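Here is the structure we will look at.
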Amino acid sequence: MPTASRARTPGDLLRAYVGLVKPRVIELLLVTTIPAMLLAQRGLPPLGTFFATLVGGIMAAGSANALNCVADADIDSVMKRTKVRPLPKHSVSTRHALVFGLVLGVASFVFLWATTNLLAGVLAVATILFYVLVYTLVLKRRTAQNVVWGGAAGCMPVVIGWSAVTGTVEWPALVMFGIVFFWTPPHTWALATKFKDDYRRAGVPMLPVVATPVQVTRQIVLYTWATVLWSLLLVPATSWLYAVSAVVAGAWFLVVAHRLHAATKRGAKTNPMKLFHLSNTYLMLVCVGMSVDSLLGWPALGWPF
């Protein structure tokens, strides 16, 4: 194992540890946690619970990401996209990164239990363990379906946010879980298409590495349809405002997915990153619609039966 080169200044060391927690990934998780809490309360939850859940969630996600960096250090060192991370650059030692990740994980459990409830803390720990032990160490290197099932870890913040507010897990939380679950494959496969040579070099069987471009875009279309249709299951718990935002954003998402698949079948030049960036916009629009709908507190449409 190569000897880690110490960061030259305290600022360098701080940036290295921030890099371990992957702030951009945490931002995405917060985007889904906040509307889950607002919908659970059907308004703004108590500010103490609201901010405690966000802080505890950041700690839990940071723990999972840091431990992922430790487990994936060999992969990260050969991929252009990830070789600038702290462990490949040897700005933090593997041992220190491991301890940092473990301490963050324990702290997230204790903090969430103390400030929200035990269920939220247990769910946070379960998410960390699933992401590291199931996705990173087992699924990622063994199956092209890695992001399908492993992506369940990225769906858990909505459940944690709901449970922190209510102390339970009810059906709207499971619907929100499903939205992120179905959204993850097209989002990730679009990015993986651009970096498939990196994944091939690292020996990671992402779908774009082991399947043809047409097969990949067909799967993207199918999962995009599943995402949009599943998002409509949340309509009974919301008002017409969420329904409109889900339909409009979903239609946009579907159009771009179908255009990508059609162009791929024709053999035309494509830009999968357009769908990748749009997928982020789609999720943001759905979450904003859900959040505004909840804050306004308009009557929920309810079930038609």
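List the trypsin sites (Lys or Arg not before Pro) within the range 57-96 that DSSP assigns to loop and that have no more than 16 neighbouring Cβ atoms inside 10 Å. Filter output for the range 57-96: Lys80, Arg81, Lys83, Lys89. Taking the Cα centre of the chain as reference, the dipole from Cβ charges on Lys and Arg (+1) and Asp and Glu (-1) amounts to some 1300 debye. For the range 200-213, putting each phi into the Karplus relation 6.51 cos²θ - 1.76 cosθ + 1.60 with θ = phi - 60° gives couplings of 5, 5, 7, x, 9, x, 4, 3, x, 7, 9, 10, 6, x Hz, in residue order, rounded to whole numbers and with x for Gly and Pro. Rolling a 1.4 Å probe over the protein heavy atoms of the range 147-290, with every protein chain left in place, gives an accessible area that is 69 percent carbon and sulfur.
The average projected area of the chain, computed from the convex hull of its Cα atoms over all directions, is 16.3 nm².
Using the 1.4 Å probe convention, the accessible area of the chain works out to 47 Å² per residue with neighbouring protein chains retained.
To put it simply, the accessible area of the range 31-94 at a 1.4 Å probe is 65 percent carbon and sulfur.
The calculated FRET efficiency for Val84 paired with Val214, based on their beta-carbon distance and R0 = 30 Å, is about 0.35.
Rg of the Cα atoms in the range 169-305, relative to 2.2 N^0.38 Å, amounts to 1.16.
In this structure, the pairs whose alpha-carbon distance is over 22 Å, taken from Lys194/Lys274; Lys80/Lys140; Lys80/Lys274; Lys22/Lys269, are Lys22/Lys269.
Between Asp74 and Asp12, the distance separating the two model label sites (each 7 Å from Cα on the Cα→Cβ line) works out to 2.8 nm. Taking 0.36 nm per residue of separation and subtracting the current Cα-Cα distance, fully stretching the chain between Leu174 and Lys265 would add 29.3 nm. Once the Cα-Cα distance is subtracted from the 0.36 nm per residue extended length, the Gln145 to Leu229 segment shows a gain of 28.1 nm. Listed peptides 198-204, 165-171 appear in the order 198-204, 165-171 once ranked by packing, highest mean of other Cβ atoms within 10 Å at the front. Here the alpha carbons of the range 1-141 define both size measures, Rg and Dmax, at 16.1, 52 Å.
The values are calculated or read from the model by the stated rules, or taken from the named source; none is laboratory data. Everything quoted here is computed from the prediction, not taken from an experiment. With ideal geometry, Cβ positions are generated from the backbone for all residues, glycine too; neighbour counts draw on all protein chains shown. Each accessible area value is taken on the protein alone, full model and side chains, heavy atoms only, with ligands, DNA and RNA left out. Shrake-Rupley method; radii C 1.70, N 1.55, O 1.52, S 1.80 Å.
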